[in-house]
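The values are calculated or read from the model by the stated rules, or taken from the named source; none is laboratory data. This is a predicted model, so every value here is computed, not measured. Please note: Cβ atoms are built from the backbone with ideal geometry, for glycine as well, and neighbour counts cover all protein chains shown.
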Amino acid sequence: MNEADELIKRRELRFCHLHPDPDQARSALLLLSDADGVLDITLMDELCLYITYDVRQLTLDAIEKVLVRLGYHLDSRLLYRMKRALYSFSEETQRANLGGTDNTNNTTQVFIKRYTCNHHGCRDKRPEHWRKYL
(Lines give C-alpha, C1' and ligand atoms only; values in the text may rest on other atoms or scores of the structure.)
Protein backbone atom coordinates (compact mmCIF):
# COMPACT_ATOMS: atom_id res chain seq x y z
CA MET A 1 0.00 0.00 0.00
CA ASN A 2 1.60 3.26 -1.07
CA GLU A 3 1.20 6.72 0.43
CA ALA A 4 -1.41 7.83 -2.12
CA ASP A 5 -3.67 4.92 -1.17
CA GLU A 6 -3.59 6.02 2.48
CA LEU A 7 -5.00 9.39 1.45
CA ILE A 8 -8.08 7.85 -0.15
CA LYS A 9 -10.74 7.12 2.47
CA ARG A 10 -13.84 4.95 2.18
CA ARG A 11 -16.38 5.70 4.88
CA GLU A 12 -19.92 4.74 5.72
CA LEU A 13 -22.55 7.41 6.30
CA ARG A 14 -25.60 6.24 8.22
CA PHE A 15 -28.72 8.31 8.59
CA CYS A 16 -31.36 8.29 11.31
CA HIS A 17 -34.61 6.55 10.45
CA LEU A 18 -36.63 9.12 12.45
CA HIS A 19 -36.64 11.76 9.73
CA PRO A 20 -39.47 13.02 7.52
CA ASP A 21 -37.47 12.05 4.42
CA PRO A 22 -37.38 8.24 4.47
CA ASP A 23 -34.78 8.20 1.69
CA GLN A 24 -32.11 10.53 3.10
CA ALA A 25 -29.23 8.51 1.69
CA ARG A 26 -30.41 8.89 -1.90
CA SER A 27 -30.87 12.65 -1.61
CA ALA A 28 -27.47 12.96 0.12
CA LEU A 29 -25.93 10.94 -2.71
CA LEU A 30 -27.31 13.39 -5.26
CA LEU A 31 -26.02 16.30 -3.20
CA LEU A 32 -22.51 14.93 -2.63
CA SER A 33 -21.88 13.32 -6.01
CA ASP A 34 -20.54 16.55 -7.55
CA ALA A 35 -18.51 17.73 -4.55
CA ASP A 36 -14.78 18.35 -4.95
CA GLY A 37 -12.74 15.51 -3.51
CA VAL A 38 -15.49 12.88 -3.74
CA LEU A 39 -14.20 10.03 -5.86
CA ASP A 40 -17.07 7.56 -5.54
CA ILE A 41 -20.35 7.34 -3.73
CA THR A 42 -22.51 4.22 -3.47
CA LEU A 43 -26.01 3.83 -2.12
CA MET A 44 -26.35 0.75 0.10
CA ASP A 45 -29.95 1.26 1.26
CA GLU A 46 -32.29 4.12 2.12
CA LEU A 47 -30.32 4.91 5.31
CA CYS A 48 -26.74 4.12 4.34
CA LEU A 49 -24.23 5.13 1.72
CA TYR A 50 -20.51 4.58 1.21
CA ILE A 51 -18.39 7.51 0.17
CA THR A 52 -14.82 7.46 -1.14
CA TYR A 53 -12.89 10.71 -1.01
CA ASP A 54 -9.42 12.19 -0.97
CA VAL A 55 -8.49 13.39 2.51
CA ARG A 56 -6.30 16.16 1.04
CA GLN A 57 -9.43 17.87 -0.27
CA LEU A 58 -12.20 16.72 2.03
CA THR A 59 -12.76 15.18 5.46
CA LEU A 60 -15.61 13.18 6.92
CA ASP A 61 -16.16 15.91 9.47
CA ALA A 62 -16.65 18.49 6.72
CA ILE A 63 -19.08 16.20 4.89
CA GLU A 64 -21.10 15.62 8.04
CA LYS A 65 -21.22 19.31 8.93
CA VAL A 66 -22.61 20.15 5.50
CA LEU A 67 -25.22 17.42 5.74
CA VAL A 68 -26.31 18.49 9.22
CA ARG A 69 -26.57 22.14 8.13
CA LEU A 70 -28.81 21.08 5.28
CA GLY A 71 -31.16 19.24 7.64
CA TYR A 72 -30.02 15.64 7.34
CA HIS A 73 -30.06 13.56 10.51
CA LEU A 74 -27.05 11.29 10.99
CA ASP A 75 -27.33 8.13 13.03
CA SER A 76 -26.34 9.12 16.55
CA ARG A 77 -26.02 5.74 18.21
CA LEU A 78 -22.90 5.34 20.32
CA LEU A 79 -21.03 3.09 17.89
CA TYR A 80 -21.44 5.53 14.98
CA ARG A 81 -20.55 8.56 17.09
CA MET A 82 -17.37 6.82 18.24
CA LYS A 83 -16.46 5.87 14.68
CA ARG A 84 -17.01 9.42 13.47
CA ALA A 85 -14.89 10.83 16.29
CA LEU A 86 -12.06 8.41 15.53
CA TYR A 87 -12.22 9.12 11.79
CA SER A 88 -12.32 12.86 12.39
CA PHE A 89 -9.29 12.76 14.69
CA SER A 90 -7.25 10.54 12.40
CA GLU A 91 -8.06 12.55 9.27
CA GLU A 92 -7.26 15.89 10.90
CA THR A 93 -3.99 14.45 12.20
CA GLN A 94 -3.16 13.10 8.77
CA ARG A 95 -3.91 16.48 7.17
CA ALA A 96 -1.80 18.27 9.78
CA ASN A 97 1.10 15.92 9.08
CA LEU A 98 0.77 16.66 5.38
CA GLY A 99 0.76 20.37 6.08
CA GLY A 100 -2.66 20.77 4.50
CA THR A 101 -4.66 22.13 7.38
CA ASP A 102 -7.04 24.91 6.54
CA ASN A 103 -6.50 27.96 8.76
CA THR A 104 -10.16 28.95 8.55
CA ASN A 105 -11.17 25.68 10.20
CA ASN A 106 -8.42 25.75 12.81
CA THR A 107 -10.39 26.17 16.02
CA THR A 108 -7.29 26.04 18.18
CA GLN A 109 -6.29 29.57 17.18
CA VAL A 110 -9.81 30.81 17.87
CA PHE A 111 -9.72 29.40 21.40
CA ILE A 112 -6.22 30.78 22.04
CA LYS A 113 -7.31 34.25 20.98
CA ARG A 114 -10.45 34.03 23.09
CA TYR A 115 -8.43 32.90 26.12
CA THR A 116 -6.00 35.80 25.82
CA CYS A 117 -8.83 38.34 25.52
CA ASN A 118 -10.80 37.06 28.53
CA HIS A 119 -10.24 38.54 31.97
CA HIS A 120 -9.45 35.70 34.34
CA GLY A 121 -7.25 34.95 37.34
CA CYS A 122 -4.44 33.37 35.31
CA ARG A 123 -2.72 36.66 34.51
CA ASP A 124 -0.06 38.50 36.44
CA LYS A 125 -1.32 42.07 36.88
CA ARG A 126 2.12 43.49 37.64
CA PRO A 127 3.93 45.45 34.95
CA GLU A 128 6.35 43.49 32.79
CA HIS A 129 9.48 44.97 34.41
CA TRP A 130 8.33 43.97 37.95
CA ARG A 131 7.65 40.32 37.16
CA LYS A 132 11.26 39.19 37.11
CA TYR A 133 11.93 40.42 40.68
CA LEU A 134 9.52 38.09 42.51
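Conditions tested, residue by residue: (1) surrounded by 10 or more Cβ atoms within 10 Å (Cβ to Cβ); (2) assigned to a loop (DSSP other than H, G, I, E, B); (3) modelled with pLDDT under 90; (4) basic (K, R).
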position	(1), (2), (3), (4)
D61	yes, no, no, no
K83	yes, no, no, yes
L86	yes, no, no, no
C122	no, yes, yes, no
Whichever residue in the range 1-32 is within 16 Å of the chain's Cα centre (by Cα) and of a type in the set (A, V, I, L, M, F, W, C) and, among such residues, is surrounded by the fewest Cβ atoms within 10 Å (Cβ to Cβ):
I8
Can you report the number of residues in the range 45-59 which are of a type in the set (A, V, I, L, M, F, W, C) and either more than 12 Å from R10 (Cβ to Cβ) or without any contact (Cβ under 8 Å) to a residue 12 or more places away in the chain (or both)?
3
T59: passes all of (1) touching a helix residue (DSSP H, G or I) at 6+ places or on another chain (Cβ under 8 Å); (2) over 30 Å from N97 (Cα atoms); (3) not aliphatic (A, V, I, L, M) but (2)
Being within 16 Å of the chain's Cα centre (by Cα) and not in a loop (DSSP other than H, G, I, E, B) is the filter here; which residues of the range 33-59 pass it?
V38, I51, T52, Y53, D54
Could you say which residue among R69, R11 is under 21 Å from A85 (Cβ atoms) and touching a residue at least 60 places away in the same chain (Cβ under 8 Å)?
R11
